Structures are given as C-alpha cells and as structure tokens.
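All remarks here apply to the structure that follows.
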C-alpha cells in the first residue's frame, strides 16, 4: 500500500508508518511532494508581491488555540496550507520586492536543503553531527579568512582545534551581535585577583571590583536595533548603548566618537566596546572602520563590526576596499541569509583571536566535555541545525567570483536607480547608495521650488505633510501588491536633521530589472495623486509660497 | 535549455539563471533532486548509526579555508556532499540511535519543509511574512493552551493582539530559557521612582537602586547547562545560579530550596527566579512543580519551568498529570524539535501573562513600530524562519491523540527497558524512568556481590574502575556504529553520591523495537569483555574481596 497519508483511527501501527521512509518513489507522499513543488514554483514565478487580504481576515484562519483532536490527511492539509498560508505569504523573492533585505534564493538550494532537513543533525555536539561539525568549522574558517586573510598555517592550526574557535554560527545577526558583545563584556571584566570574573560573579560584583560606575557600548546613531537588545540582555542597559552623531552620509563622526569617550570616562563609565557599522540597515552606509580601529586600539576597547549586511561585499575585489579596516576588528557579524543568498537563519560572528571565545566557554557532563570538539561549548545557542551546509554549498557552486558579480550588479543597480530618481522632477534622493541601499521620497516639482524660498515654519509644515504623503504612498503600494518598498524615518543633514519619512530600497535581487525600477517610481507617482487628504494641502501651501 | 547546473565562466547571465525558477519539472535540477532524494532515503533506511571514520580523517575533507575561485557543477557538488558529508553524518533517526534527544522525524515533514525553504519568509515582521505571522501566533496559542488551558475568550482576546504576546518562537530551548529569565530579571528590577528600569539603566544601577548585593536564580543541581549560560549572559553570574540538592529521584528537595532562599536573603541576595525542571536532561525526572509554585508565590519569585524535553508529555491525557503545577508557572520552555518530532530549530517559551513580555519589548524606525503586530518586537532573535509552520502542520496531521500515543509508547518502552536491565545479572539500573529516559551501567555479576561486602576504600576503587569501563564501552559502541547510547556522570544517592559514569538512553524513536533494546545490552556486554585494561583489574579485586 505504500505510505498512508492519514493516521486513520490514530493507532500505533499507522503512527509507525509516518516515521518510516518509503521504499517506492511513487508513493502517495511522492505525489503530494510533486504537486507541492509545482505549486510553489508557480508561486515563486508570480510577479505579485502579496495578494491583498487584510491581516484581520487572514487571522481568522489562524484563530483556534485548540490542538486538533483528530488527524488530518497529509494531502488535505497540504491543500489547506496552499490556500491559507502560501497564497497569503509575502513573495520575498519577487523581483519587485525591493523593500527589505530578504531576497531571492538560488534555486539549487531547494533540493540541497533536503539534506539538512532529512539528516536533522544537531550541531551542538559531534555525537549528533559528526561530519557537519568540521564542515561548520570550515565555513567559519572561510569567512574568517575572507575578513582577516590570515595565513594558511593559521587556519591549519586553529580551524579544527578543540580548544579554540574562530567564531560561532548563529540563527541570525542579532545573536551574532549579542555573542560578540558578550565576549567583549566578559573580557573587559575578567578574573583579577580575588575577583573570579563577570561570567561567574555577575555584573554588580564586577563593577564593584573594577570601580566603574557603568559600562558603555558606542555605535553610530544608525546602529541596528539589535544592539539595544544586546545592551539590555547583557545587563549593560539600553541607555549605555551610546549613539554617536553621524555625518551627511550616515557615517559615524570620529570627533564625536572621541568626545563621547572622553565624557564617559570623566563620569567613570567604562567604554568597553566600539561598534563600526558596515552597511547601515536603513541606508547601507559604511563607517570609517580604519579610524574607529585606531580609536579602539588607543582606548583599549573591543572593536566590533556589524557587517550583517555589508560583510558579503568582501567577496568583490572591486568593492571590498569600502570595508577597509574591518581586518582590524576584534569581531565581525555577517548574515549569510542576507547578501550571501542563504535561506533564513544563517548568521555568523567571527573573532580575530582564536582564544577570544574562551571568555564564554562552558561545559556539561553529558556533552561539551573539556577537550571535545563539540561546537556547543562556544555558542550562545544550544541545539542548532546544519544550516552551515547551505553556506558551504553556495560557496562552492557560486564561488567567490560569482558572488563578486552579484555584489557588483547590486551596487551598480543602486547607482542606476539613484540617477533615475535624480532625473525625476518630482522625486528627491535622500541618501546616495554606497552599497545597494538608497532612500528617497516623492516631492511635487513645485513644492521642491517652494521649499527653497519657504520660511522656517512653512518648511516644517510642508515637511510634515510630505512625511504623511510618503507614509500613504508606501502603505498603498504595499497593499496594491505589485511591488514593495519599505519605509523608515531619517534625520538628513540636508533637511537640518528634521525627521523625514523616506522610501527605502534594497536592490539585492539579481532579477530586479531596470524596467521594474522605472515602474516602481511610476506607480508611486500615480499613488501620490490619489492622496486626497494630504496632497491638496501640500499643493495649496506650495502655491501660496510661490505666489508671494 | 532549462536550468544549467554550472555557472559557466561566471557571467551574469548564468548567475541570473540560478535565481530563476525552472518552468519544466524534468530539468537538470529536477534530476539532481530525484537522485538526492533516493540517496537520502537509502541513508535514512540504513540501520547503521555512523560509518566509522576518525574525526581527524573527516576533517581533512573540510580543511581548506579559501573560498573557491571557480564554480562547481551542482551535480558534482551534490555527489561531493553525498561522499564527504552525508556518508559521515550521524544517523540520528536510526532506531538504534537511542543516546540523545534527536530522534526520527515524521516523513511527511520532508515535502512540507519545502514550503518553509522556498517561501523564505522572515518572521521578524509582517512585511516579510504576512500569513506566517498569525500562524506563528496560533502555534504559540496552542502551546499556551496546552499548558495553561485558559478559556476560548482568553485566546480570542490575546492571541493576535498587537500589544501582547503569549510567548516567543526561538531557535531552541537555550534561547527560550534565556528569554524567560530576561523577562524575569527585567520585571524584578523594573522602573521605580527615578530609576528607569534595568533594561534602560543596566544591572549596576538597578542593584544600587533596589539595594541588593546580588541576584540569584535557583534550580535543582540537575538543571540544564543552558541556565548557566543564561546567568552569565544576563549579568547575573554563574555562581548566582544556585544549585539546589535533589532527592534519590533527581527531583529538587523543597526543604533545601527553602533553606537556600533563606540563606540568600540573609546575604541580601535577591532570589528573583526559581526554575522547575520538567524532564531533566540526564534522567528525565520532573520536579514537584506544585510545591515549587507555592514557594515561588510566597517569595514573590518568577516561576519558570524548563520543560524543553518533558513539555510534550502534556499531549498525553494519561501522563500529563506528571507535570501537575506547570499551569502555575509564569513561563515555560518547550522544544518542539524534541518530543514534538519537528526538525532542529524549534524552541518556544510561553508566558502565562500576556503582558509579561512588555519587559523586553523594543521598537525600530523601519519595522516593529508601536502598534504593529510584528513578532520581532518581543523576541530575543531578529530575523527568523517560518519553522512554526512545521509545528502547525504536525499538530494537524498527527493531532493530539496521535502525540498521546507517541508519548505513551516512549514511556512504556522505557519501563520495558528498565525491567530488562534489572533482569540482567550484570547490569545495574541507576535511574528509573519517569519519562522515556533512563540511565544504567555494566557491573560484572560477581562485582555486584563484592560491592556489598567491600570496604569503603575498595568500593571507591571499584567504582572508579567501573567508571572507566562505562566510558570504554560507550565509546567503543559509538565507534562500532551499530547503535548509540550516550554517557553522563551522576551522583546517585544509592552510591552515596559518588560520581558515577552511566549509559544514558532516550527512547523517543517510535521505531526502536524491543529487539533493538536487547541487542544494545548484548553488544555492551560483549564490548565490556574486550576491555583488557580495566576489566581484569575489576575482576581481580572482586575475587580478592569475595575470597576473604
């Protein structure tokens, strides 16, 4: 009979069957899989970002908190998933989905992911992963070498060393950033005399021992929100994640950084970590890493680079110089599920010094014993999947020059789009692309002129209405479902740091064509015309100003 | 030409192709997938736990830290993965792999996982997940209801509320435990008067404000090692995770718990969280949750239950009473990738009070705006995959009564195995199964007799050698690759709390037959005979004792 796709009458024999690997390839489940694949492919080929249905309507399909008391056929449930879940998902791989960092995936990862799921390895320990452990260590080695470019001997010595670790594979950049700052905090407050170290005695005793009134982490005001979580969870406090002023290109001002350090020290607050951002989340800008490295070195601070987004740029020999100085970082975060085009859940943190992670090492009796090569003794997470495998495969199948092309095309496309926006009389580029991110907004042509001659109050008023207009257009465009750009709020220098709502675009998907970019703008222009609440107010004030 | 499986000459056209979803189902990639599936199925049907090859040999295949400078054919790389990775992986789903909590998966999850990978949703925000967000909220609601059994109205009110959260889906139990204790810490040190709360001002200011000399977390000495990580990362300090004595069944002693609390308070250390273990990692025992709940309530402590392993027992109406009192917990950790048979990476933490997670709420400008239903505003992690989907599907396809059968069979099988061990003249059961875990060791029949009449020193000597023997047998059995049990070190009451190495068995795989259990024991007996270093010493001392 082959595989039976329902657990009829819930008896143990049928339950055993669902755990049994079918012998015949043309089983019921095989047919379900084929149908499912076809359907998913159709979905993926669609150029609609999301089918319009209000969230409150979708919630009705997911409103029952009771666990079902009777089983469902696999086929029936699959159809249910296609109807209620797949059709109301966001098409993150659509070429016109250019609003977030989640982009298309190389199609070869679909079959290869099967290996990860079917083998269900747990990388916390060798006893449940074996070859996956050296594989993950190699992947960390590859990324380490990409950043730090140490010698062949270095990697032969440390990559597979039981007592050392070049980094940690994480579920994402947030855990990677927390891990880096955890290591930094523990190394800054390490055992000393009678004091056994912050990891053992906790922060209060640590501060009493070292005589600090506080601990601070410094990052530009464009730092990712995950750093606030890190400061909170690590007991540092969000107020002690000190934001440093940025210049007109959203890059940290080194002078402001030095001033802030001075101020903190005068209050007896220890700045133990400085973070350089290599690819700000909102605008894709890169801090002057070399200068930060100098300052961190002089001040004896841990230098962490959050390159969750921009780290992949190191793959391009044409653009890797944008991140110059990253090789001096004590630790670096890179998300492979961003510009390395890996499915969700592939963050990494790399440490320059193979002994750095000793500050967070831990053991147990049944696994992670001292001297074992279990990866779990240096990770914040415990049980973890074999996701590193997909990074390994992509590195081999795409190869560095392939990634270089992907990075280059994305940056070039962003430059093209920036030029296109600048050529429009009724759009305004807010941030120039450094990587493949840029921000802009819609401003009626005449309003642009009016802003030049407006009084301070008028400018503020227009600005506020333009913010509302941007919000309206972005929301409407998302609801239309043809394309998607995201929205954020910046404080651009050219607008005297007034809070400015902007469209935010991330051009990572290689399938996003120039035509699509043209139509995104065209659609936004059209939507703006339908804003009957805000646009008339803007136009009327514009007229009044210009007629003066 | 369909899909081309190599990026020939690395040009942009070929790169575009790898991101393009193939039209024809019989493309090159389709063939690769078919071959891969066959191969994986063969692997999964194998009854060998792991092919013997020393780790140092395997490492040679993963020793190159350089990212390849030229692309590889997908077909070629797939073969490479099958040869170097798959064949040297651990067969965690083999029925004779009974050493860890990673077990077989229902086979229907293989095709369904495709949905998760192909759609590549990011559940941090609705803009990249849409229907997956309500789905995840429903899954959290289901688990919440399983634990707390609140009314229909309760779930209608809170499950999809933007301002509330019934819990968080995590990469695993470690992050779930950290999240629970993070919430507990922040609620214990919340804003008060001029003090803005630990989340903003950090631990040092918090302790100064509240006048504590330290913060403590209490858990039985059998608590999972992740709690030590949590105490470290949260700034509490590992020494302030205070282990409480357990009884002969590895359950926390309530009197000892109360004494410990008294001692801490007398030192002005605030015990802010008490953890009950529902399924200890090593022996599967469950703390008296109801009694802990009373104490936590009286002391005003957060009561967390680590039910990463045992939580699934709630699915069985026959055994859920073992966890009585869990419904009084402020928070509960459950790992779906353990006894809910979901692939690796599916932890959850549930909070009784839908407002509890406000203590860790955070926002950003471009997502997680106030009032949005973005899941990311209450999670420690940022970007996350749609793993909740697989829990949702299993709940529907297996249903609660199906899970009940799975739980029941695993506990019954553990009882069978315990009886079997007790009937062997040369084995000793160390911990009785409460759930489906048990521990035991090999002790030659005559040595059992000798231990009864031995002097204290002789007993210690025999014990030490038996520890070495257990280690030898476990390692050898793992290397043989026919079956796998794990090993840990306990301090059993019946052996005067002497450190005792034991075999540890987890009987979750429904395909593990009684025959397999018999042969596991038989193999261990045979391996013990081959121990030419330790066994002779044990036998000789045994003889000397018995001849006295």
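Expressed as a whole percent, how much of the Cα-Cα distance distribution for the protein assembly as shown exceeds 46 Å?
Distances greater than 46 Å cover 30 percent of the Cα pairs.
For the range A:169-370, what class follows from the C-alpha gyration tensor (a ≥ b ≥ c being the square roots of its eigenvalues): rounded when a/c is under 1.5, otherwise prolate if a/b is larger than b/c, else oblate?
oblate
Compute the Cα gyration tensor for the range A:216-269, then decide on rounded, prolate or oblate, letting a ≥ b ≥ c be the square roots of its eigenvalues: rounded whenever a/c is under 1.5, prolate when a/b is larger than b/c in the other cases, and oblate in all that remain.
oblate
With the label 7 angstrom out along Cα to Cβ, how close does residue A:57 come to the same site in each of the other copies, in nm, nearest first?
6.1
Across the residues of B:237-244, average count of Cβ atoms on other protein chains within 10 Å?
The shielding value for this peptide is 4.
Run lengths n ≥ 4 of DSSP H only: what is the helix-derived mean residue ellipticity at 222 nm for chain A, with -39500 (n - 2.57) per run over all residues, to the nearest 500?
-13500 deg cm²/dmol
Run the simple label-point estimate for residue B:526 and residue A:526 please: 7 Å along Cα→C-beta, distance reported in nm.
7.5
Is the range B:456-548 rounded, prolate or oblate when judged by the Cα gyration tensor, a ≥ b ≥ c being the square roots of its eigenvalues, rounded requiring a/c under 1.5 and prolate requiring a/b larger than b/c?
prolate
Compactness ratio of the range B:8-89: Cα Rg over 2.2 N^0.38 Å, N = residue count?
1.36
Report the FRET efficiency, 1/(1 + (r/R0)^6), for residue B:194 and residue B:362, where r is their Cβ-Cβ distance and R0 is 22 Å, rounded to 0.05.
0.45
Could you give the nm distance between label points at residue A:20 and residue B:423, where each point is 7 Å from its Cα heading toward the beta carbon?
In this crude spin-label approximation the distance works out to 2.6 nm.
Evaluate the relative contact order of the range A:169-370 (contact order divided by residue number), counting alpha-carbon pairs under 8 angstrom at least 6 apart; express in whole percent.
Once divided by the residue count of the range A:169-370, the mean separation gives 23 percent.
Treating the point 7 Å from Cα along Cα-beta-carbon as the label, what are the nm separations from residue A:267 to the other copies, to one decimal?
3.2
Counting other C-beta atoms within 10 Å, which of B:518, B:77 has the fewest, and how do the rest follow?
The fewest-first ordering by Cβ neighbours comes to B:518, B:77.
Which whole-number percent is the relative contact order of the range A:15-147 (Cα, under 8 Å, 6+ apart)?
Contact order relative to length: 22 percent.
Between copies, how close do the residue A:361 label points come, placed 7 Å along Cα→Cβ, listed in nm from shortest?
Ordered by distance, the counterparts are at 4.2 nm.
How many Cβ atoms of partner chains, on average, are near each residue of A:133-139 if near means within 10 Å of its Cβ?
6
Calculate the mean, over all residues of peptide A:454-460, of how many other protein chain Cβ atoms lie within 10 angstrom of the residue's Cβ.
The shielding value for this peptide is 0.
Could you please tell me the mean projected area of the C-alpha convex hull for chain A, averaged over all directions and given in square nanometres to one decimal?
The directionally averaged projection comes out at 30.0 nm².
Rounded to the nearest 0.05, what FRET efficiency do residue A:453 and residue A:42 give with R0 = 51 Å and r taken as the Cβ-Cβ distance? Could you check?
For residue A:453 and residue A:42, the calculated efficiency is 0.40.
What nm distance separates the two modelled labels at residue B:539 and residue B:445, each placed 7 Å from Cα along Cα→Cβ?
1.4
If each residue's Cβ is checked for other Cβ atoms within 10 Å, how do A:163, B:432 rank with the fewest at the top?
Arranged by neighbour count, lowest to highest, A:163, B:432 become A:163, B:432.
For the rotation that superimposes chain B on chain A, which residue of B has the C-beta lying nearest to the axis, and at what distance in Å?
Nearest-to-axis residue on chain B, with distance in whole Å, is B:235, 1.
For chain B, what is the relative contact order in percent, using Cα pairs closer than 8 Å and at least 6 residues apart in sequence?
Taking the mean separation of contacting Cα pairs over the length of chain B, I get 17 percent.
Readers should treat all values here as calculations from the given coordinates under stated rules, not as data from a laboratory. All values reported here derive from a predicted model rather than from experimental measurement. Positions of Cβ are generated from backbone atoms using ideal geometry, with glycine treated the same way; all protein chains shown enter the neighbour counts.
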